[in-house]
Number of protein chains: 2
Amino acid sequence: MPSPKRRYDPDRRARILQATLDVVAEHGVAGTTHRRVAAAADVPLGSMTYHFAGMDELLTEAFTLLADQVSGRFTERLAAASTLDDACEAVVDLIVDESWATPRNMLLSYELYAYAARNPPLRGVMQAWMEKSRAALRQHFTAETAKVLDAVIEGLSIHRSVDAHPATREEVRAIVRRLV
Amino acid sequence: MPSPKRRYDPDRRARILQATLDVVAEHGVAGTTHRRVAAAADVPLGSMTYHFAGMDELLTEAFTLLADQVSGRFTERLAAASTLDDACEAVVDLIVDESWATPRNMLLSYELYAYAARNPPLRGVMQAWMEKSRAALRQHFTAETAKVLDAVIEGLSIHRSVDAHPATREEVRAIVRRLV
DNA sequence: AGCTGTTATGTACATATGTACACAACAGCC
DNA sequence: GGCTGTTGTGTACATATGTACATAACAGCT
């Protein structure tokens, strides 16, 4: 039995996962199929069942990747702030910045919430995500304030994505200021 | 041409819509099929296409019904409050009360958010829902506070549904007090 | 009763979908 | 070169699904 060298290409796997998120963003979990993902990732259909045991595994891993990416950027943005004022501004950014609370990210979050409700492993992922966000906030605020801010970020982001006339940056800033 | 008397039974239609929500709650939009809904409503498959032009119409009407029911109860709960203290307690109830922020309601909300993102008519429904909630809050609080409370209710409800150790009623009360 | 238009149902069918699996391609080693 | 075990693909197939539609059931009317 020579050197095992189990070397299946992680690149392809990663590309499929990324494509899965693209497809979910465009068609929803309901419209996500092996074929569509394969087309989006530009891999043959056979690759799907080769790399992933089934639809569940595919979606679970894709959503886990999403949580990692998003919470990573969340933490980065907050870590970049040094003063309390900076931290407040970072929070405002996380709510109103078009490059963060993008329609795509919001959409994927909704799909994740819905999917995780019926998928125990993903519930764990979401709990970890939430805890990581709070930890990032705790670098600048008290534990209590961190919890409230976390909830407000969530709620305002959602409402802004629905509202026909979303709150302006100044309004959001006023709300954040009021909370700290 | 005698009296038109178009009398097709609205009962059956309503029952199908209710069953649709049940099926969505149990299997998600992704797992909702005409056959499953028909079985849940105890009607023949043919009734599906007879009463609803297609899956889209079915889901759109079902989610619209959900929004009406939920926002109705939201408004009722707040209208029952007479003093400011009562109003605060009502808000706390809306967040922590097991009969309101039920797993089922949260789950259906997530599915609705995700679905509405790709369904323009439902976006209007959601905007109306949000506006109605804010109006109910404005009976007791200023417009600004109403907006924040609305967002906090949303965010805290979601986080409570994810959190392994959700905030207690007292903690939530403290947060609400802090905001008004 | 018979006639007529509306309401409702069972069923058939084209298509989409998840998944398995027989094979191909290929790297490493002799 | 040939041999071998692993990695990757094209394809076939059973099943699930949306939807149409030919009838049935029935209410109202004469």
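A short reminder: the numbers here are calculations on the coordinates, not readings from a lab. Keep in mind that this is a model prediction, so the values were computed, not measured. Here Cβ is always computed from backbone atoms with ideal geometry, including for glycine, and neighbour counts include all displayed protein chains.
The table below lists the values:
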| quantity | calculated |
| --- | --- |
| Stokes-Einstein diffusion coefficient of segment B:1-128, Kirkwood radius over Cα pairs, 20 °C, 1.002 mPa s, in µm²/s | 131 µm²/s |
| Helical contribution to [θ] at 222 nm, DSSP H n ≥ 4, -39,500 (n - 2.57), averaged over chain A, rounded to 500 | -24500 deg cm²/dmol |
| Shielding of B:103-114 by partner chains, average beta-carbon count, 10 Å | 5 |
| Cα principal axis extents for the protein assembly as shown, largest first, Å | 86, 54, 33 |
| Principal axes of segment B:60-179: Cα extent on each, largest first, Å | 38, 34, 22 |
| For A:132-141, mean number of other protein chain Cβ atoms within 10 Å | 0 |
| Residues in segment A:44-83 that a label on A:Lys132 would reach, taking backbone N under 15 Å of a point 7 Å out along Cα→Cβ | A:61-79 |
| Rounded tilt (10° steps) of B:10-27 against the dominant C-alpha axis of chain B | 60 degrees |
| Label geometry 7 Å along the beta-carbon vector: B:Ala164 inter-copy distances in nm | 4.4 |
| Taking chain B and dividing mean pair separation by its residue count, relative contact order in percent (alpha carbons under 8 Å, at least six apart) | 22 percent |
| For segment B:8-52, fraction of C-alpha pairs farther apart than 14 Å, in % | 38 percent |
| Cα-based helix-to-principal-axis angle, B:120-138 vs chain B, degrees rounded to 10 | 30 degrees |
| Shielding by partners, peptide B:144-157 (average Cβ within 10 angstrom, other chains) | 6 |
| Crossing angle, helix A:169-179 versus chain A [Cα axis fit, 0-90 degrees, rounded to tens] | 70 degrees |
| Highest to lowest packing among B:42-55, A:144-157, scored as the average C-beta count within 10 Å | A:144-157, B:42-55 |
